[in-house]
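Data block below; observations after.
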Amino acid sequence: MEPDFTPAAEPVARLIGEFNKLPGVGPKTAQRFTYFLLKQPEEEVRALAEALLAIKDSIITCSSCQNLVETDPCPFCSSSERDSSRICVVEEPMDILALERSRGYKGLYHVLHGAISPMDGIGPEELKIKELIQRLQKGEVEEVILATNPNLEGEATAMYLYRLMTPFGVRVTRLARGLPMGGDLEYADEVTLMQALEGRRQFQP
Amino acid sequence: MHLSKLSLTNFRNYQRLEWEPDRGINILFGDNGQGKTNLVEAINFLSTTRSYRTSIEKELINWSASHDDISAARVEGEVVGKKGKLRLELALMGRKSDSGKTSSLVKPEVDALVGVVHKKILLNGVPRRAMDVVGKVNTVLFASHDIDVSSGAPSQRRRYLDVMESQVNVEYLRALAGYNRILVQRNHLLRQIQEGHANSFQLEFWNNELVEKGSYLVEQRMALIGNICALAADIHRQLTSEKENLIVLYLPSLKEVTADMDRVSIKGNFSTRLELLQKREVAAGMSLVGPHRDDLTFLVNGVDIGIYGSRGQQRTVALSLKLAEAGFLRQTVGESPVVLLDDILSELDSKRRHLVIETLRAYGQVVTTTTELESLEAAFVAGAKVFRVHEGTLTPA
């Protein structure tokens, strides 16, 4: 039986362990982070610790769009400049950041916090779908844009939502699929190319 | 095509190997446990990016060479075909999980990397996905477990079809991977419906996906079996001196599907079956119909050889199927695959062995293993390059 011994002091090993739980951070990076912080002045480390606690203390879920925000309703939902007749449905809060970078969308959002995946035990009840339906029941929404990921689980979610929303008489649209800008046809995979062909549009000079 | 160079590092019992196989017939001989099969496995690994012997890739890594608990196995091959030369490299990096010491400062239970094998695939030095390199090196592998193909489990017969078609049709490999993923999701959903945790109208999406991918698989399998049936029948007549007539028969899980159906009709049939079976599928908590339940049967002179055939007859059928696979690959790809025979020749009587050898001469490169050189015909051995395998080393004999 090997003695319970780690070369690193207990608090150090504990922090390495915590960093190691983060996505994209392996044991080596976790060690590097930890020893870097050990060398930093105390106020720097304190600032990091406070920032960490702040995200849990001050971030709440918007009761309307379910995004993770500081105020309820969130800036999107309470803004008079956003078009409240459109809702764009996304899987994660991060997707909103991506869509906002495009600057092409002025409507509201709805975050599902996941996608349907039976093997992971995620069904419609686990997602913020009830909340979306409640928003539709108010009758102000004309279009729902389904912006779930173009993979199996995202498509399953889109299909489920489509069926659920049909009785409300809203226009349901799906993000287009096809070629990325600045890409080469040569490097596109067959599935993407096929969908780009199927979704071709009248040329507009 | 032929394998012109093979180099192994820490692969199974080979710490280091540089081998230039002959373009023709290569005989690997040596005692049991010296590494003959490991060499055949390595060549097949280049072709399929998977081991046919184990699903636990950590087993492929030779740990004795490393002082650390991290080690890597590498298989590198150079293949010369009609499209020129290509270099394929597969590396497996892993960490021993049962080691007491750990190189990291963290307690082993925190270490997420323990036992994980990381696989890297390079084609001509450029990183690629497995799907992009399958079929770059075509091989036909005939190992002793293949002899049971007619009497063994249906999954073995489906695998025979899948390995063959995937080598020439990437779309098939992709559809198969997609189908299996849909199947897992759908089975979970069926179980959740059974337990009252999900609504049955959620099935619609998964049914459509299953039908879409599944119908493609069925269509491709029908065409493939048509090809194989013709090739295997010819070969089988030769092997049995015109005495036996072999028919390869497709038994699709979608029972009403026939060879003259197009994909649209197959889809229609599949959808209808799913509707009819819904209650039973929910009760069973799994998908009861589709290509994952397909089977093949082999009729010799009208009799199912898997049930009524003698061991010898089953062996000959397996041989015909393997030679048909080689013929199919040659026909489709336009050049001969590398034929790998693991301890097969010694399982055959001298007459069949002679016929197999004659047939193989028509192919390009062959790698065959044997424990007894004397059991092979002198003329065959004389026309081949012989290598002696001893404790993970290879010497020309």
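Coordinate-derived values only; no laboratory data. As the structure is a prediction and not an experimental result, all values here were calculated from the model. Counting neighbours? That spans all protein chains shown, and the Cβs are built from the backbone with ideal geometry, glycine included.
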| task | Quick one: angle between helix A:42-58 and the longest Cα principal axis of chain A, in degrees between 0 and 90, rounded to 10, please. | result | 40
| request: List the DSSP H helices in chain B whose Cα atoms stretch 18 Å or more along the helix axis and whose mean Kyte-Doolittle hydropathy is at least -0.5. | output: B:36-48, B:170-194, B:203-239, B:263-284, B:311-333
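What translational diffusion coefficient, to the nearest whole µm²/s, does segment B:205-250 have by Stokes-Einstein, given a Kirkwood radius computed over alpha-carbon pairs, a temperature of 25 °C and 0.890 mPa s viscosity? All intermediate terms of the calculation are to be shown ahead of the outcome.
Numbers: Rh = 12.3 Å.
Taking Rh from Cα pairs, D becomes 199 µm²/s.
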| If you take the Cα atoms of segment A:10-58, find Rg, then find the Kirkwood Rh from the mean of 1/r over all pairs, what is Rg/Rh? | 0.99
| note | Quick note, segment B:140-281: a/c under 1.5 would make it rounded; otherwise a/b > b/c is prolate and the rest oblate (a ≥ b ≥ c, C-alpha gyration tensor); here it is prolate
| Efficiency by 1/(1 + (r/R0)^6): what FRET value for B:Ile247 and B:Ser155, r their Cβ-Cβ distance, R0 = 25 Å, to the nearest 0.05? | 0.70
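Could you list B:Arg388, B:Arg158 so that the one with the fewest beta carbons within 10 Å of its beta carbon is first and the one with the most is last? Working shown, then result.
Details: B:Arg388 16, B:Arg158 19.
Listing B:Arg388, B:Arg158 from fewest to most nearby Cβ atoms yields B:Arg388, B:Arg158.
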| task | Quick one: angle between helix A:10-20 and the longest Cα principal axis of chain A, in degrees between 0 and 90, rounded to 10, please. | result | 20
| field | Which of B:Leu203, B:Leu39 has the fewest Cβ neighbours within 10 Å, and the rest in rising order | value | B:Leu203, B:Leu39
| Share of pairwise Cα separations in segment B:239-370, more than 22 Å, in percent | 56
| Once label points are set 7 Å from the Cα along Cα→Cβ at both A:Ser102 and B:Glu347, what is their separation, rounded to one decimal in nm? | 5.7
| query | Cα to Cα, under 22 Å, and not fewer than 8 places away if on the same chain: which lysines meet these conditions relative to A:Lys56? | reply | A:Lys21, A:Lys128
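Which net charge results for the neighbourhood of B:Gly364, defined as the other residues with beta-carbon distances under 13 angstrom from its beta-carbon, given Lys and Arg at +1 and Asp and Glu at -1? Before the final figure, lay out the partial values.
Working: positive: B:Arg23, B:Lys82, B:Arg330, B:Arg361; negative: B:Asp22, B:Glu335.
Surrounding charge for B:Gly364 is +2.
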| Kirkwood hydrodynamic radius (C-alpha pairs) into Stokes-Einstein, the protein assembly as shown, 4 °C and 1.567 mPa s, D in µm²/s | 45
| What list of whole percents do you get for P(r) of chain B, with Cα-Cα distances grouped in 20 Å bins up to the one holding the largest distance? | 25, 52, 23, 1
| request: Would you mind counting up the charge near B:Ser253? Only other residues with Cβ under 12 Å from its Cβ, with Lys and Arg at +1 and Asp and Glu at -1. | output: +2
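Sorted from largest to smallest, which semi-axis lengths in Å does the alpha carbon gyration tensor of segment A:63-202 give for its equivalent ellipsoid, taking the root of 5 times each eigenvalue? Display every interim value, and only then the final one.
Details: eigenvalues 137, 68, 48 Å².
Equivalent ellipsoid of segment A:63-202: 26, 18, 15 Å, largest first.
Exceeding 27 Å between C-alpha atoms, which entries from my cross-link table qualify? They are B:Lys36/B:Lys322; B:Lys351/B:Lys385; B:Lys82/B:Lys351.
Values: B:Lys36/B:Lys322 20 Å; B:Lys351/B:Lys385 22 Å; B:Lys82/B:Lys351 34 Å.
Where the Cα-Cα span goes over 27 Å, the pairs concerned are B:Lys82/B:Lys351.
How far, in nm, would the chain grow between B:Lys85 and B:Asn32 when pulled straight, counting 0.36 nm per residue and subtracting the alpha carbon separation?
Working: separation 53, 0.36 × 53 = 19.08 nm, distance 3.38 nm.
Contour length minus Cα-Cα distance gives 15.7 nm.
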| request: With label points built 7 Å along Cα→Cβ from the Cα atoms of A:Leu37 and A:Glu126, find their separation and express it in nm. | output: 2.9
| Tally Lys and Arg at +1 and Asp and Glu at -1 over the other residues with C-beta under 9 Å from the C-beta of A:Gly114: what net charge comes out? | -4
| task | Take the alpha-carbon centre of segment B:121-145, take the same for segment B:312-366, and report the distance between them in whole Å. | result | 20
| task | Could I have the simple spin-label model distance between B:Ile70 and B:His354, label points 7 Å from Cα toward Cβ, reported in nm to one decimal? | result | 5.8
| Which value, in nm² and rounded to one decimal, describes the direction-averaged projected area of the C-alpha convex hull of segment A:1-153? | 14.0
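Restricting to bridges with both residues inside chain B, how much of the DSSP beta-bridge set is antiparallel, in percent to the nearest 5?
Details: 45 of 61 bridges.
Counting only bridges with both partners in chain B, antiparallel ones make up about 75 percent.
To make sure I understand, if each residue's beta carbon is the centre and we count other beta carbons within 10 Å, what order do B:Lys119, B:Lys255 fall in, fewest to most?
Working: B:Lys119 14, B:Lys255 10.
Least crowded to most crowded, the residues run B:Lys255, B:Lys119.
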| message | Under the 0.36 nm per residue contour assumption, what length would be gained going from the current alpha-carbon distance of B:Gln238 and B:Thr54 to full extension? | response | 62.8 nm
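Against the 2.2 N^0.38 Å scaling, with N counting residues, where does segment B:171-242 land? I'd like the Cα-based Rg ratio to two decimal places. Don't jump to the answer; show the numbers that get you there.
Details: Rg = 18.9 Å, N = 72, 2.2 N^0.38 = 11.2 Å.
Ratio of Rg to 2.2 N^0.38 Å for segment B:171-242: 1.69.
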